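Only one structure is covered here, and it is reproduced in the block below.
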Amino acid sequence: MNLKRHGLIAGIALTATLALAACGSDNNEPTAPATNGAGSGAPAGGGITCASGSLTAQGSTAQANAMAEWVKAYQTKCSDAKINYQGTASGAGITAFQGGTADFAGSDSALKDGDEATKANARCGSGNSAINLPMVTGPIAIAYNLDGVKDLQLKPDTIAKIFSGAIKTWDDAAIKADNPSATLPSTPILAVHRGDSSGTTDNFTNYLTSVAPTSWTFGHDKVWKAPGGQGEQKSDGVSAAIKRSAGAIGYVELSFAKTNSLSIAKVQNGAGEYTALTGESAGKTIEGAKITGTGDDLKMTIDYKTTTAGAYPIVLVTYEIVCGKGNDAAKLALLKGFLGYTVSTDGQATLDKLGYAPLPETVRTKVDAAIKNLA
């Protein structure tokens with residue numbers, strides 16, 4: 001089913017005062033108005049239905065900035081709720097969910113068929129299944145640190161060769177061909193990748209597998225498979241390594257690239273255009289995504305070869321992984337209340353200033369309905 005985007009942001013505006021660290025910062029104020037002291041079950045307004053109790057969750061660092069904002073807003077409105085989300089990476093979040101130590105997990109890729117999904121389903125109890133709920137659209141930036149070089153542009157094959165180690169210096173002929181008017185130094189390239197199990201890596205390597213199969217022969221996985229380069233922990237670790245290392249390049253969510261004031265390359269899409277990363281250009285790729293899950297499982301497939309004019313092709317969707325049925329009855333009201341807020345129009349509206357893009361309305365309403373069906 002093709003997804004139609006309604007009112008997706010025309011651009012992404014960030015300010016330093018609103019940028020959040022990967023695991024949250026107590027110095028950032030929530031979007032929601034000041035607390036009204038609403039307790040359990042009280043309608044708090046602003047898209048929030050309050051419930052009491054506590055939730056523990058972990059996973060994707062790509063959505064950590066968004067989750068920190070949502071948690072602050074919900075807890076400010078709902079005095080009897082406590083929600084603890086830790087950005088431990090997608091793989092760790094899924095493992096915690098499977099083991100029953102997380103009430104839901106954030107993952108930048110949907111549960112994989114086979115052992116990963118089987119273990120998640122088992123955690124939900126006999127006859128029940130875990131479902132994938134898309135929540136955050138996170139464009140992946142190709143960020144770099146190269147003095148004197150602005151407006152870098154790269155073809156997919158060039159990106160694949162850089163991260164596979166086939167291209168080793170910035171004045172390589174392939175990079176020159178992509179940037180004929182640039183003066184490129186002979187500086188060695190330091191390709192930075194995620195060193196932990198990461199849904200961002202899974203999406204980025206899936207992109208490379210799709211668009212440059214000859215030059216990228218390592219498949220796609222949450223764990224980095226290519227030799228060489230430098231591995232860093234979590235999205236903030238990758239961003240920090242790029243910022244401090246001359247000649248570095250890496251893949252990281254736009255929110256982290258903006259927070260660290262990193263230069264971002266234009267990427268050639270399937271139409272042959274070198275496209276800058278903006279909310280609008282990322283949204284054009286999400287327009288062509290398809291829901292491939294069934295029922296309340298809303299797993300999506302992204303067309304990395306999009307030929308839509310002006311589309312930026314490297315995007316991911318972060319999912320909240322949760323039991324469709326079989327949730328802890330004592331936590332169910334809070335689980336539905338909090339996730340219901342994150343997918344509400346008010347909750348999604350907080351994303352643009354943090355470096356994300358809201359879900360298309362046709363997807364948002366499906367996620368909202370699936371959350372209401374949780375049991």
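Relative to the longest principal Cα axis of the chain, at what angle does helix 361-372 sit, 0 to 90 degrees, rounded to 10? The angle comes out at about 40 degrees. The alpha-carbon of Lys305 sits under 15 angstrom from the alpha-carbons of these aspartates and glutamates, leaving out residues fewer than 8 places away in its chain: Asp157, Glu273, Glu287.
What number comes out for the charge environment of Gly326, summing +1 per Lys or Arg and -1 per Asp or Glu over other residues with Cβ under 15 Å away?
On the way: positive: Lys119, Arg123, Lys325, Lys331, Lys336; negative: Asp103, Asp296, Asp297, Asp328.
Net local charge, Gly326 excluded: +1.
A straight chain from Lys325 to Asp151 at 0.36 nm per residue would run longer than the Cα-Cα distance by 57.8 nm. Taking every C-alpha pair closer than 8 Å and separated by at least 6 residues, the mean separation divided by the residue count of the stretch 140-282 gives a relative contact order of 37 percent.
Reported value for the stretch 140-282: 99 Å³ per residue, from the convex hull of its C-alpha atoms. Stretching the chain fully between Arg244 and Lys225 yields a gain of 4.4 nm (0.36 nm per residue, less the alpha carbon separation). Here the label points at Leu332 and Thr301, each 7 Å from Cα along the C-beta direction, are separated by 3.4 nm in the simple model.
Spin-label pair Thr292-Thr362: with each label point 7 Å from Cα along the Cα-Cβ axis, the two points sit 1.8 nm from one another. The peptide list 117-129, 300-312, put in order of mean Cβ contacts within 10 Å with the highest first, becomes 300-312, 117-129.
Ranked by how many other Cβ atoms sit within 10 Å of their own Cβ, fewest first, the residues Tyr74, Tyr251 fall in the order Tyr251, Tyr74. Charging the Cβ of each Asp and Glu at -1 and of each Lys and Arg at +1, and nothing else, the dipole of the chain about its Cα centre rounds to 160 debye.
Principal axis extents of the C-alpha atoms in the chain (largest first, rounded to whole Å): 62, 43, 34. If only the Cβ of Lys and Arg carry +1 and only the Cβ of Asp and Glu carry -1, the dipole of the stretch 140-282 around its Cα centre is close to 200 debye. Working note: Karplus 6.51/-1.76/1.60 with θ = phi - 60° gives the stretch 201-206 the couplings 4, 4, 5, 5, 6, 5 Hz, where Gly and Pro are set to x.
Cross-link partners for Lys176 among the lysines, with Cα-Cα distance under 18 Å and sequence neighbours closer than 8 places in the same chain left out: Lys150, Lys155, Lys161, Lys168, Lys266. Only Cα pairs within less than 10 Å get springs; with that Gaussian network setup on the chain, which residue of Val317, Val223, Val192 has the largest fluctuation? Of Val317, Val223, Val192, the Gaussian network model singles out Val223 as fluctuating most.
Each reported figure results from applying straightforward, stated rules to the coordinates on display, with no laboratory input. As the structure is a computational prediction, the values presented were derived from the model and not from experiment. Neighbour counts run over all protein chains shown; Cβ positions are idealised from the backbone, glycine included.
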